[in-house]
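All remarks here apply to the structure that follows.
The values are calculated or read from the model by the stated rules, or taken from the named source; none is laboratory data. Here the structure is a predicted model, which means the values were calculated and not measured. When we count neighbours, we look across all protein chains shown, and the Cβ atoms used for this are built from the backbone with ideal geometry, even at glycine.
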Amino acid sequence: MTTPTPDTPSLADKPSWLDTLKVYLEPASLRMLSLGFSAGLPLLLVFGTLSFWLREAGIDRTTIGFLSWVGLAYGFKWVWSPLLDRLPIPVLTRRLGRRRSWLLLAQAMIMLGLVGMALTDPRQALAPVVWCALAVAFGSATQDIALDAFRIESATTERQAALAATYQTGYRLAMIWAGAGALWIAARAEVAAPLAAGAYQHSAWQAAYLVMAASMLPGVMTVLLSPEPAHRAIPPARNAADWLRSALVEPFADFIGRYRWQAVLILALIATYRISDVVMGIMANPFYVDMGFSKDEVAAVTKIYGVVMTLVGAFVGGAMSLRMGVMPVLMLGAALSGATNLLFAWLAGQGHDVQALIFVISADNLASGIASAAFIAYLSSLTNVNYSATQYAMFSSMMLLLPKFVAGYSGVYVDRFGYSSFFTATAILGLPVLALVWLTSRMKSADSPRVISADSS
């Protein structure tokens, strides 16, 4: 056997393509579509869309760059993830269950944070906007913890890639809405205002962010109407020390105990797998601006068409993982992610060329979708369902922590060496990932209680 992931299916065991595609119509997959939308909505509203708003309000680039570190909340979510496995929420947990109660609380925090951002003008007072953005990021990270556990506990191992694909579909549709949709709403509100076109109007952004807050409601309804995954009894803690041991120590000890020295290799892969995409992504919007692409061009090509290509990639990656196994698709995704960054280096020499932009975005987002679907399935396969929230949060936090930290200095690199050199460097960052995927695929499988008996409906 190779790798601590689900075994690569034999030729005789492979399902037909029709049976493979039917998995996307199962109730669990459809629920992930709605909940993926709820998960994807906050991200751009505290990153790309927010940076556009702040720049239009006259906030300097240095400040905007530092504010991108709000995203480190996602990198430290493992710190409070044990609470979601162990701590009940008064009233809510008794009525909704452990996973759904935490999902609902996180969604409420996101909505309140977005409303707070909408009601504050950054030109008049930046600090309240920052604090509200932090609240949105914290609520979003908490929602991710609960949702990942909900997904892992809602279906068997072989269906995790399909759930990841539908989750990614909802996630990417939300990014279209939070990116292009928010810009469209703000533009329409601005045109309707009595001030001169193009002038900064806080009321336009206020309308956009209030609509975004209301857009969390479908996710809230899905949580309320979804069944709670099968409850797994956790022995009550005798004292505080016992609770800390069971909540904090045991999930990590379980992972180390199952994989031993191999855990180091696995964690290294997790920490670096998405580094090429994440580091490059921070400078993508400034690059489009500096290349002379208009707001409408960027919205249409990168925020709408690009997301559609990511969805295609996610479905292709999910289907390929079912037929070929996760590790081959993981290797393919890593190779494509680095290679497509070289296309951005080529684009930097093309000038304002919309056709070239469409070509690059097509390749890059297709590769991103394939890599994401396989990677989510891989992370899911590593978890023990008794600690799914804590362990998956640890993995997904590691996935972002190093890349987000490195990405904070991407503007400094571009200022010194230029865009072409920067994009080439991000492609080179992906080379060690290929070696790590290969080494991990050669590992022997660890005995794991990952496989669960769960109805996928």
Restricting to segment 318-340, name every residue that is closer than 16 Å to Ala425 by Cα and under 19 Å from the mean Cα position of the chain (by Cα). Ala334, Leu336, Ser337, Gly338
Output for Cβ contacts, cut-off 6 Å, separation at least six or different chains, first residue closer than 21 Å to Arg172 by Cβ in segment 281-301, second assigned to a helix (DSSP H, G or I) and of a type in the set (Phe, Trp, Tyr), reads Phe287/Tyr419; Val298/Tyr288
Filter segment 304-331 down to the residues that are surrounded by fewer than 23 Cβ atoms within 10 Å (Cβ to Cβ) and either basic (Lys, Arg) or within 28 Å of Val412 (Cβ to Cβ) (or both) and list them by number. Arg323
Of the residues in segment 358-384, those that are over 17 Å from the mean Cα position of the chain (by Cα) and not hydroxyl-bearing (Ser, Thr, Tyr) come to Ile358, Phe359, Val360, Ile361, Ala363, Leu382, Asn384
Which of the residues belonging to segment 401-438 are among the β-branched types (Val, Ile, Thr) and over 28 Å from Val326 (Cα atoms)? Val412, Val414
Output the qualifying pairs, or none if there are none: Cβ atoms under 9 angstrom, residues six or more apart or on different chains, first residue in segment 251-273 and closer than 21 Å to Trp438 by Cα, second residue acidic (Asp, Glu) and surrounded by fewer than 19 Cβ atoms within 10 Å (Cβ to Cβ). Arg258/Asp447
Which condition does Lys404 not pass, out of (1) at pLDDT 80 or above; (2) surrounded by 14 or more Cβ atoms within 10 Å (Cβ to Cβ); (3) not hydrophobic (A, V, I, L, M, F, W, C), if it passes all the others? (1)
Give Ile304, Ile266, Ile256 a once-over and let me know the one that is of a type outside the set (S, T, N, Q), out of contact with any strand residue (DSSP E or B) (no Cβ under 6 Å at 6 or more places or on another chain), in a helix (DSSP H, G or I) and closer than 27 Å to Thr49 by Cβ. Ile304
Go through segment 30-77 and give me each residue that's more than 27 Å from Met394 (Cα to Cα), among the β-branched types (Val, Ile, Thr) and in a helix (DSSP H, G or I). Thr49, Thr62, Thr63, Ile64
If you go through segment 338-361 one residue at a time, do you hit one that is over 23 Å from Phe422 (Cβ atoms), buried (at least 23 other Cβ atoms within 10 Å of the Cβ) and out of contact with any strand residue (DSSP E or B) (no Cβ under 6 Å at 6 or more places or on another chain)? no
Leading residue by the ranking (farthest from Tyr413 (Cα to Cα)) among those in segment 285-301 that are in a helix (DSSP H, G or I) and at pLDDT 80 or above: Ala300
What are the residues in segment 78-107 that are outside any loop (DSSP other than H, G, I, E, B), touching a residue at least 40 places away in the same chain (Cβ under 8 Å) and among the small types (Gly, Ala, Ser), if any? Ser81, Ala106
Look through segment 111-133, keep the residues that are part of a loop (DSSP other than H, G, I, E, B) and of a type in the set (A, V, I, L, M), and return whichever of them is farthest from the chain's Cα centre (by Cα). Ala125
Answer yes or no as to whether Phe417 is of a type in the set (Phe, Trp, Tyr) and closer than 24 Å to Leu147 by Cβ. no
